[in-house]
Amino acid sequence: MFTALRIGLTGLRANQRYLDVIGNNLTNSETAGFKADRVTFSDVLYSSQRLPTGPSSTLGGVNGRQFGLGTQVSSVDQVMKQGALIDTGRTFDLALQGDGYLVVSNGNEDFYTRVGSLTIDRNSSLVDSRTGFLVKNSAGTAITIDSESIAPAVATQNVTFGGNLSANKSGPLPEIQESSAAYVEVLPAIITGTASGSGDGSNETLTLNLDASTLIQIPLSASATTLTAVENEINAYFVANPSNPSVTASQSGGALILTSSTSGANSKITVSGTNTLLTDIGLATTTTATGQQFNANANTLLSNLSTNNTPYANGDIIQITGIDTQGNAVNATFTVGPSTSGFDGDTLGELVTAIQTQFPGTTVALDTNGEIGIQSSTTGPSSLTVSLQDLGTNTGSTTFSTHAFGTTQAGTGPDTRATSITVFDSLGIAHTLSGQFERQDDDTWNLELSVPGNEGTLVGSPITQISFGADGAFQGSSLSQVEISWNSQASTQSVNLDFGTVGGLKGLTQFGDQSGAQATSQDGFESGTLASLNVTSGGVIRGFYTNGATVDLDTIAVAQFANSAGLIREGSTLYRRSDNSGIALMGQAGVSGAGSLVSGALEGSNVDTAEEFVRLIEAQRSFQGAARIVTTADEIFAELLQIV
């Protein structure tokens, strides 16, 4: 009986440990980087009542007789499979996809973790945000990110050109910009009565049919005995009963005036009622009026344009922006209001005049179709652009985008093409390197390069004999290098000119398309400060500087172990190496079998919740079975005592 009790006890103890492990797994199902444990059991020693005997000449062999003494937990193993990646969007949240561990140190000992929740402390050290432990690089030292570092200036050594130099020889033409749609003036429907009426509309109903679809009946009260009272009651009706369209009542010269809220050919007012009512308020029987619509002219008020959304108030601002024919930026304002009161104007013609003033070297005109045209006064390519836009704080507004200016005739010159690019000297000072391609009589091109005379001197220009084959591919040039001497303390520098590969179409070409050749890139830059950081899949911490430079600042180490399941847990999802894990093999992510790093993510727990619940049921039933063994043995022992 006592043996059965102790066997049951081993089951209770083993399954208690099993429940402990399952509970730990489940409570860490949302712990980033957590690795689940797995329990394995084994049987305990056996009691032998008879040993096996082999066969003899007269008897056969007999098996032994053994009785087991229970169960025990033989191992608790870590399940090291990959957890799902959880996106965080944070640069220094790093997840390992594959084998390996990040290495952190408390100053005395290294620890290993799959949770890359890192941050930079005030000493510029990269640390584990949970523990403050220092993160190590592939060389085994702590990582420091110098946020105050400067990327030094680099002098331009190479300038690359690309684009097309047109094979077509074109004559000089002026640039023409035109509004994409005609401006249209719209007026509301207006019914004007006569001053002969008595104004008495009391206890009558005035019927308005607006836009041939909206029927409105306005009951006039007994107090509407004057024209002013009728006016007030009409306006009060639309305040109390908002409608679109609606009308506004007013008076002029003792006569009632009804004005529609909408404008244009679709605007309409039909007024009806009893003859007595209409006569009393000075309107003819069943009077109808429609709005007007026609091409805008110089006298058209800006608030009467079809694209005007809200009438302008005096002092509203229309912005006039763009680039003039000389390449200068234009940023001017037009203040809406009567010119007689000191404003810039309130008509379309006055706006056109303002555009003309802001864009010298052009002719700006409003034609009879209501379209605005802007023509350059000189021939040749032009950077001319014009744009109109309301200031955001205006009372009024117009949808100018529906009339946006576009090029209807591109300006062409005597087959030249200008270009420029910013280059840098050894001190990081920016200079403009200007150039102009010009077709020669033998159909080759010259490139004249220059820098501002007060900044330096350029030797080696013009570059001649820039030629192309019958297939439009670049064939060669006389020179491919210029030398620049700067007036500052910067050193003299040689600049290589890359026009493309001979016989290739990458670089300069010559096809029938319009010329668009330009300097496309250069490799110099000014000094810059650190603007942002990124971590590559290989663990390289990459700094991006304000001058466009990219610098690899350090590399986060990834450690691998021969037996990662042999690591010792230290809490906080940290591990310490053990004799059975093997030594840490420090390296770089993505190299020699190490996993890659994913920036902006953390590795989730690899606990399979459904599987753990199934194991929980198994452990519970096994525990109950062991408890029943103890209970049954106790009952049998009690029964045995009763025999006595």
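The values are calculated or read from the model by the stated rules, or taken from the named source; none is laboratory data. Since the structure is predicted, the reported quantities are computational estimates derived from the model, not experimental observations. Neighbour counts run over all protein chains shown; Cβ positions are idealised from the backbone, glycine included.
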Exercise. Do we have any residue at all in the stretch 568-583 that's without any contact (Cβ under 8 Å) to a residue 60 or more places away in the chain and of a type in the set (A, V, I, L, M, F, W, C)?
Worked result: yes
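Restricting to the stretch 427-441, name every residue that is among the polar types (S, T, N, Q) and either not assigned by TED's automatic domain parsing to the domain that holds Trp486 or not in a strand (DSSP E or B) (or both). Outline the logic, then answer.
Pass one, the stretch 427-441, residues among the polar types (S, T, N, Q): 432, 434, 436, 440.
Correct list: Gln440 only.
Quick one: in the stretch 427-439, of everything that is without any contact (Cβ under 8 Å) to a residue 60 or more places away in the chain and over 17 Å from Asn164 (Cβ atoms), which residue is surrounded by the fewest Cβ atoms within 10 Å (Cβ to Cβ)? Give the derivation first.
Initially, the stretch 427-439 is screened for residues without any contact (Cβ under 8 Å) to a residue 60 or more places away in the chain, giving 431-432, 434, 436, 438.
Now drop any that are not over 17 Å from Asn164 (Cβ atoms), which leaves 431-432, 434.
Values: His431: 20, Thr432: 12, Ser434: 16.
By that ranking, first place goes to Thr432.
This table checks each residue for (1) surrounded by fewer than 13 Cβ atoms within 10 Å (Cβ to Cβ); (2) over 29 Å from Ser605 (Cα atoms).
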residue	(1), (2)
Ile7	no, yes
Asn15	no, no
Leu19	no, no
Phe34	no, no
Asp37	no, no
Ser42	yes, no
Gln49	yes, yes
Thr58	yes, yes
Seminar exercise, completed: Within the stretch 495-505, the residues that are loosely packed, with under 14 Cβ neighbours inside 10 Å and assigned to a strand (DSSP E or B) are Asn496
Problem set entry | Condition met for Thr492 (surrounded by 14 or more Cβ atoms within 10 Å (Cβ to Cβ), on the phi < 0 side of the Ramachandran plot and in the same structural domain as Ile421 (by TED's automatic domain parsing)) | yes
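Name the one entry in Asn106, Asn164 that is out of contact with any His (no Cβ under 6 Å at 6 or more places or on another chain) and more than 30 Å from Val386 (Cβ to Cβ).
Values: Asn164 fails: more than 30 Å from Val386 (Cβ to Cβ).
It is Asn106.
Condition test on Thr573, is it in contact with a Gly (Cβ under 7 Å, 6 or more places away or on another chain), closer than 20 Å to Val104 by Cβ and of a type in the set (Val, Ile, Thr)?
On the way: in contact with a Gly (Cβ under 7 Å, 6 or more places away or on another chain): yes; closer than 20 Å to Val104 by Cβ: yes; of a type in the set (Val, Ile, Thr): yes.
Yes: the conditions hold for Thr573.
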Exercise. What strands (runs of 3 or more DSSP E) completely inside the stretch 443-486 contain at least 2 residues that are under 19 Å from Thr156 (Cβ atoms) and touching a residue at least 12 places away in the same chain (Cβ under 8 Å)?
Worked result: 445-450, 456-459, 481-486
For this session: Could you pull out every one of the strands (runs of 3 or more DSSP E) wholly within the stretch 309-426 that has 1 or more residues that are in contact with a helix residue (DSSP H, G or I) (Cβ under 9 Å, 6 or more places away or on another chain), surrounded by 16 or more Cβ atoms within 10 Å (Cβ to Cβ) and among the hydrophobic types (A, V, I, L, M, F, W, C)?
Result: 317-323, 329-335, 362-366, 372-379, 385-390
For this session: For Leu5, state whether it is hydrophobic (A, V, I, L, M, F, W, C), in contact (Cβ under 8 Å) with a residue 24 or more places away in the chain, more than 18 Å from Gln620 (Cα to Cα) and part of a strand (DSSP E or B).
Result: no
For this session: Check off (1) touching a helix residue (DSSP H, G or I) at 6+ places or on another chain (Cβ under 6 Å); (2) at positive phi for Val607 and give me the number that stays unchecked.
Result: (2)
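In this structure, is Ile22 under 21 Å from Arg65 (Cβ atoms), not assigned by TED's automatic domain parsing to the domain that holds Thr113 and not polar (S, T, N, Q)?
Working: under 21 Å from Arg65 (Cβ atoms): no; not assigned by TED's automatic domain parsing to the domain that holds Thr113: yes; not polar (S, T, N, Q): yes.
No.
Do the conditions hold for Ser74, that is, is it closer than 22 Å to Ser564 by Cα, out of contact with any Lys or Arg (no Cβ under 8 Å at 6 or more places or on another chain), loosely packed, with under 15 Cβ neighbours inside 10 Å and at pLDDT 80 or above?
On the way: closer than 22 Å to Ser564 by Cα: yes; out of contact with any Lys or Arg (no Cβ under 8 Å at 6 or more places or on another chain): yes; loosely packed, with under 15 Cβ neighbours inside 10 Å: yes; at pLDDT 80 or above: yes.
Criteria met by Ser74.
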Exercise. Is it the case that Phe111 is among the aromatic types (Phe, Trp, Tyr), closer than 30 Å to Ala139 by Cβ and either modelled with pLDDT of 90 or more or surrounded by fewer than 12 Cβ atoms within 10 Å (Cβ to Cβ) (or both)?
Worked result: yes
Problem set entry | Selection from the stretch 96-110 of residues that are part of a strand (DSSP E or B), of a type outside the set (Asp, Glu), in contact (Cβ under 8 Å) with a residue 60 or more places away in the chain and under 13 Å from Ala557 (Cα atoms) | Leu96, Tyr101, Leu102, Val103, Val104
Seminar exercise, completed: Checked the stretch 136-186 for anything assigned to a loop (DSSP other than H, G, I, E, B), farther than 30 Å from Leu585 by Cα, within 37 Å of the chain's Cα centre (by Cα) and among the aliphatic types (A, V, I, L, M); matches are Ala153, Ala155, Leu165, Ala181, Ala182
Seminar exercise, completed: Within the stretch 111-143, residues of a type in the set (Ser, Thr, Tyr) and touching a residue at least 60 places away in the same chain (Cβ under 8 Å) come out as Tyr112, Thr113, Ser117, Thr131, Ser138
Seminar exercise, completed: Counted residues in the stretch 545-567 being within 35 Å of the chain's Cα centre (by Cα) and either closer than 16 Å to Lys136 by Cα or of a type outside the set (Val, Ile, Thr) (or both) come to 11
